[in-house]
1. Those residues that are of a type in the set (Lys, Arg) and outside any helix (DSSP H, G or I), I need them from the stretch 15-36; list them, please.
2. Of all residues in the stretch 20-33, which are touching a Phe, Trp or Tyr at 6+ places or on another chain (Cβ under 6 Å) and not charged (D, E, K, R)?
3. What is the one condition in (1) farther than 19 Å from Phe82 by Cα; (2) outside any helix (DSSP H, G or I) that Met1 does not satisfy?
4. Collect the residues in the stretch 30-86 that are surrounded by 11 or more Cβ atoms within 10 Å (Cβ to Cβ) and small (Gly, Ala, Ser), keeping them in residue-number order.
Amino acid sequence: MDAVTIYFLAINIVLFVVMGVDKYRAIRRRWRIPEATLFILALVGGACGGTVGMYSFRHKTKHWYFAVFFPLLALAQLALYFFVYK
């Protein structure tokens, strides 16, 4: 695998895990991961993992800006990846 593919997989795994951690913290009323951090991780390539995490953990699905932005950005990132790198 090339470096771009490894990065793409890693950042998506990271955001998936971060969404799960944030949901865990939300349930226990602990300090939360800022929404800006979630968006930054999505912007730098983790939108697919964020989208899967959002629906797997049922976290942030009621916020329209997550429910719209994450899937659209995920589609754009996948299209860019397959258009440029494959």
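Since every read-out is calculated from the coordinates, none of them should be taken as a lab result. Please read these numbers as outputs of a predicted model, since none were measured by experiment. Neighbour counts run over all protein chains shown; Cβ positions are idealised from the backbone, glycine included.
1. Arg28, Arg29, Arg30, Arg32
2. Taking the stretch 20-33 as the starting set, the residues that turn out to be touching a Phe, Trp or Tyr at 6+ places or on another chain (Cβ under 6 Å) are 20, 23.
Within the stretch 20-33, Gly20 is the sole residue that qualifies.
3. Every listed condition holds for Met1 apart from (1).
4. Of the stretch 30-86, the ones surrounded by 11 or more Cβ atoms within 10 Å (Cβ to Cβ) are 32-33, 35, 37-57, 59-61, 63, 66-67, 69-78, 80-81.
Once the filter is applied, which keeps residues that are surrounded by 11 or more Cβ atoms within 10 Å (Cβ to Cβ) and small (Gly, Ala, Ser), the stretch 30-86 yields Ala42, Gly45, Gly46, Ala47, Gly49, Gly50, Gly53, Ser56, Ala67, Ala74, Ala76.
Per-residue answers, yes or no, for (1) assigned to a helix (DSSP H, G or I); (2) at negative phi; (3) of a type outside the set (Asp, Glu); (4) out of contact with any Ser or Thr (no Cβ under 8 Å at 6 or more places or on another chain):
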| position | (1), (2), (3), (4) |
| --- | --- |
| Leu38 | yes, yes, yes, yes |
| Gly45 | yes, no, yes, yes |
| Gly53 | yes, yes, yes, yes |
| Lys62 | no, yes, yes, yes |
| Pro71 | yes, yes, yes, no |
| Gln77 | yes, yes, yes, yes |
